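Okay, so here's the structure we're looking at.
The values are calculated or read from the model by the stated rules, or taken from the named source; none is laboratory data. Being a predicted model, the structure only gives us computed values, none of them experimental. Methodologically, a virtual Cβ is constructed for each residue, glycine included, from the backbone with ideal geometry; neighbour enumeration extends over all protein chains shown. Protein only, heavy atoms only, side chains kept; ligands, DNA and RNA dropped before computing areas. Shrake-Rupley method; radii C 1.70, N 1.55, O 1.52, S 1.80 Å.
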Amino acid sequence: MQERLWQIDELNFESNHQHHYETLFSIGNGYLGTRGTFEEGYFLDAPATLIHGIYDHAPGALVPELVNAPNWLDLKITVDSTPLQMIMTVDRSDFMTPPSGVVIGYERSIDMKRGVLRRDVLFRAQSGNIVRITFERFASLHDQHVMAQRIVITAVDGHPAIIVESALQTDVTNNGVRHWLPDPITKTEGGRLSAQVTTQQSGYVVAMASYLNSPHTEIALPHPGRPATHIVFTLKQEESVTIEKLTTIYTSRDTADPLATAETALDAASARGYDTLLSDHIAEWATDWETADIRIDGDEAIQRALRFTTYHVLIASPRTDEHVSVGAKTLSGLGYKGHVFWDTEIFVTPTLMLIQPKMARNLLMYRYHNLHGAREKAKANGYEGAMYPWESTDTGEETTPQWSDVQPDGSRIRIWTGDNEQHISSDIAYTTHKYWRWTGDDDFLIKYGAEMMLDTAVFWGSRVEYNADHDRYELSQQIGPDEYHENIDNSVFVNRMAQAHLKSALDVLAWLKTNDSVAADRLIAALDLNTTRLDKWRDIVAKMFIPFDHEKAIHIQFPGFFDMEYIPVPHYQPRTTSVQAILGHARSIQTQVIKQADVVMMMALLGHELSIPEGFDPLQVMLNNWNTYYPRTDHGSSLSPAMHAWVAARLGLLDEAYDMLDHAVHIDLQDNKGNVRDGMHAAACGGVWQAVIFGLCGLRISRDGALITDPRLPAHWRRVSFNVYYRGEKRAFTVENPVYSDQS
Ligand code: BGC
């Protein structure tokens, strides 16, 4: 295996890109994520450790958010009284007379195969002595409560006197918003530190214990809020010293006494030692990659980027906890406040369903455990059943802010998604059903999945509006995936997904009656699935309004869409911002510019099952839809390109499929929109995996239940190999490209 295809490197530190790299170089293990900030800190850096499930609603804030935990990375190094700081120079004169310390060499890389972040720094102190410092860190995948750091300091020139200070920094905020109560508990005992903090409103407790292991004596430093210890030593020329810092982290979600548990776990971790912890961690990653890795023969750039996006899906997704889920920005940044959207079910969960089915189940269980919130939302809005929140946290309540942050002109914009982006209930039902079909996990369906699918179907049954003039069912005041057009009537995506949802709910109920009549009876009684209700569902399935233009043989995104101004989006190239930002909010909502895959999204999810009137060829309609909507799409959301890649591949549009895949897989690496500082785009990361497997490789379940592929690969890809779990068995595929041409 070529190692460089498993690495993302940063060869030059540029301070104006630091927030981007902090996100890219996040480490994590499904329990927490820690941004790739420097151990010693940096001017205006944005360190963050985000732990799944630790939310808090600060006084005066519109909504709760995932809380930035104490900074366990904190390590400060001083060489001959000069503190290490990432001040770089390329100016030769500075080499001779450094104003203070100066970094004369730098390299950083994330090793995705092993889940390890490394940084090499060549540092010249004011004294003139030069040291090489190698930093390494990982969040153990083997024991999710253990974090490890190692630094190796080598005297390259001179006999430097070194001080290494290790601390746990509890004085942290979310961009200035304080979530931790004042007066944390802190302890310093020799080389051991501990800290415990409690959130203000939600009362979650987070505890960390840390140990600095080195051949030198430690001197404790008392410091309120930042327990610290430091060691002092001198190096001979060419001499190296290795220092290891182990930190354990527990919360009140894990145990009744997080501090004591963290301290005990620290003893156990220290006894095992860094090398053992590292090899266990690497072994765990090797197991993960055995299934998760897609091997592309013929495209190194996509190969590496795809490993990068898969790495981020793996570090963000909870492994054992079924009460938490993946936020839209993973655990790598504060964007979207750690809230969970449809991004999880449609983009992340189906990927995990194939590579880590247990983790996919956990994510669906999060929705099951939060059914109460969905039921309350339905009731509060005057509906029956369960209506999932557009944005969700730890309580299952709707947590979409109703208003935006203050705009430059002082105003706030009303956010309607929490009210009207109701397709999320169908999205969750869609993936629940898909998970069951692909995994064959009947136990899940019987105990949990069916209830979610059926109670959300109850919601739609009470939500639809019957239009007697046309003898059809409609849905007014909706927001489809294209969020530029808000509060519209009869979004084809929403209507079709609700129709498919009700159909699958009826199918699942029929299956339950045959296969577990006790469970069926229990749900029929609990959810009041009486004959009148079920007959209504059948009627909705038969008569849901699916806007369609018979003349053009296309689906209509929503009636009235084509009456608006047409803007040819491809003319706005190259651009570094969305067409919406260029035209302005007020104008763009009056145009046919689409934020993201909408009708195209429907085609990705439902394939040929599009509800097409008799006599029309589904493939031709899909092609017409593509030709209509692709040139109108802004890709103003990171969710868009991967879905386009998927659909283009299925339609045999290989160039478009490749362009869109290339775009999708590099969204975070290239940061074209400049927003990666807020966190990775979880949906784009999960979406590209699906685009390759379902789109380009064409993996699907045939009518007789066999797994088949139908490759539509770019000509320069020779083959793609991957593994997936299907109904409990791991299956290996190598998909050869029928149209491969060697272009080298
Ligand atoms: C997209 C939504 C998405 C959300 C979170 C928005 O910009 O339009 O589809 O769920 O971001 O990623």
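Points to keep in mind about this one:
- Helical content of the chain, expressed as a calculated mean residue ellipticity at 222 nm, amounts to -10000 deg cm²/dmol (DSSP H runs of 4 or more residues, -39,500 (n - 2.57) each, divided by residue number, nearest 500).
- Extent along the principal axes, Cα only, for region 552-679: 49, 31, 24 Å, with the longest axis given first.
- Packing, as the average of other Cβ atoms within 10 Å across residues, places the peptides 673-680, 81-88 in the order 673-680, 81-88, highest first.
- Average accessible surface area per residue within region 1-87, 1.4 Å rolling probe, Å²: 34 Å²
- Distance between modelled label sites at ALA260 and ARG272, nm, 7 Å Cα→Cβ extension: 2.3 nm
- Think of a 1.4 Å ball rolled over the protein heavy atoms: region 659-744 then has 43 Å² of accessible area per residue.
- Given charges at Cβ of Lys, Arg, Asp, Glu: the chain dipole, positive-most of ILE133, GLN356, LEU529: GLN356
- Estimated FRET transfer efficiency when R0 is 45 angstrom, pair HIS470-ALA519 (beta carbons, to 0.05): 0.75
- FRET efficiency, LEU221 to TRP403 (Cβ-Cβ, R0 51 Å, nearest 0.05): 0.70
- Rounded FRET efficiency, nearest 0.05, which uses the C-beta distance separating ASP655 from THR531 and R0 of 60 Å: 0.70
- Counting only DSSP beta bridges whose two residues both lie in the chain, roughly 95 percent are antiparallel.
- Cα centroid of region 2-27 to Cα centroid of region 493-518, whole Å: 46 Å
- Potential lengthening between SER279 and LYS236 on full extension [0.36 nm per residue; Cα-Cα distance subtracted]: 12.4 nm
- Scaled against the 2.2 N^0.38 Å expected of a compact globular protein of N residues, the Cα radius of gyration of region 370-475 reads 1.28.
- Net length available on complete extension from ALA732 to ASP157 is 201.7 nm, with 0.36 nm assigned per residue and the Cα-Cα distance removed.
- For region 12-59, GluC sites (Glu not before Pro) meeting the loop criterion (DSSP other than H, G, I, E, B) and having at most 11 other Cβ atoms within 10 Å: GLU14.
- Couplings 3J(HN,Hα) of region 508-523, computed from phi: 5, 5, 4, 4, 4, 4, 6, 9, 7, 5, 5, 5, 4, 4, 4, 6 Hz, in residue order, whole Hz [Karplus 6.51 cos²θ - 1.76 cosθ + 1.60, θ = phi - 60°; x for Gly and Pro].
- Relative contact order computed over the chain (Cα-Cα under 8 Å; 6+ residues apart), in percent: 12 percent
- Angle of helix 640-650 to the longest C-alpha principal axis of the chain, folded into 0 to 90 degrees and rounded to 10: 60°.
- Angle of helix 300-316 to the longest C-alpha principal axis of the chain, folded into 0 to 90 degrees and rounded to 10: 90°.
- Excluding ligands, DNA and RNA, the accessible surface per residue across region 384-536 is 36 Å² with a 1.4 Å probe.
- Between GLU300 and LEU707, the contour length at 0.36 nm per residue exceeds the alpha carbon distance by 143.8 nm.
- Against the main long axis of the alpha-carbon atoms of the chain, helix 371-380 sits at an angle near 60°.
- Split the chain at each of the chymotrypsin sites (Phe, Trp or Tyr not before Pro) in a DSSP loop with at most 11 other beta carbon atoms within 10 Å, and the longest piece is 44-565.
- Formal net charge of residues neighbouring GLU483 (Cβ-Cβ distance under 10 Å; K, R +1; D, E -1): -3
- The chain, accessible surface, carbon-and-sulfur percent (1.4 angstrom probe): 49 percent
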